[in-house]
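Enquirer: Following this message is one structure expressed as structure tokens.
Coordinate-derived values only; no laboratory data. Computed from a predicted structure; not experimentally measured. In this analysis, Cβ positions are derived from the backbone assuming ideal geometry, glycine residues included, and neighbour counts consider all displayed protein chains.
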Amino acid sequence: MHRLFVGAGEELFCYDLAEPRRLWRDKADTGLWGWEIAGATVLMSAELEFAAWDKGGEKLWSRFVEPPWSYTVVDDQVTLDVMGEISQFNLRAGPRRIPH
């Protein structure tokens, strides 16, 4: 698959480069920090969101975060530190959802 993930300010886009067209448009509240590729997963860091897509452009998961926050990925395991609260989860499955 030939995908291009682009972000500027609060705007996020994914394009199909094989047959040039935009696949989707999204927003990152208060601004994008950056993208990272971890295996077959594309990670997005933003001021208030941490999210993942597969390389085809399908969103896998998203999590609210607030600064200061950081993460590391080792193999398929994510360690997320949000204001000193540490959580670990599978890269593709994402963080566990808490029932309301």
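Enquirer: Against the conditions (1) among the hydrophobic types (A, V, I, L, M, F, W, C); (2) more than 21 Å from VAL82 (Cα to Cα); (3) not in a loop (DSSP other than H, G, I, E, B), where does ALA18 fall short? Just the number, please.
Expert: (3)
Enquirer: Suppose the filter is of a type in the set (Val, Ile, Thr) and free of Cβ contacts under 8 Å to residues at least 12 places away in the same chain; does THR41 pass it?
Expert: Taking the combined requirement at face value, the residue does not satisfy it.
Enquirer: Do we have LEU4 as surrounded by 12 or more Cβ atoms within 10 Å (Cβ to Cβ) and over 15 Å from the mean Cα position of the chain (by Cα) here?
Expert: So LEU4 does not fit the description; no.
Enquirer: Then there's this: Failed condition for THR72, given (1) free of Cβ contacts under 8 Å to residues at least 12 places away in the same chain; (2) surrounded by 15 or more Cβ atoms within 10 Å (Cβ to Cβ); (3) polar (S, T, N, Q), with all others met?
Expert: The failed condition is (2).
Enquirer: Taking the residues in the range 28-61 that are over 15 Å from ASP81 (Cα atoms) and polar (S, T, N, Q) as candidates, determine which candidate is surrounded by the fewest Cβ atoms within 10 Å (Cβ to Cβ).
Expert: Here the answer is THR30.
Enquirer: Taking the residues in the range 46-81 that are of a type in the set (Val, Ile, Thr) and under 15 Å from the mean Cα position of the chain (by Cα) as candidates, determine which candidate is nearest to THR30 (Cα to Cα).
Expert: VAL65
Enquirer: Answer yes or no as to whether VAL78 is among the aliphatic types (A, V, I, L, M) and exposed (fewer than 11 other Cβ atoms within 10 Å of the Cβ).
Expert: Values: among the aliphatic types (A, V, I, L, M): yes; exposed (fewer than 11 other Cβ atoms within 10 Å of the Cβ): no.
In short, no.
Enquirer: Are there any pairs, at least 6 apart or on different chains, whose C-beta atoms fall under 7 Å, with the first in the range 8-25 and exposed (fewer than 10 other Cβ atoms within 10 Å of the Cβ) and the second in a loop (DSSP other than H, G, I, E, B), and if so, which?
Expert: Taking only residues 6 or more apart or on different chains, the pairs are ALA18/HIS2.
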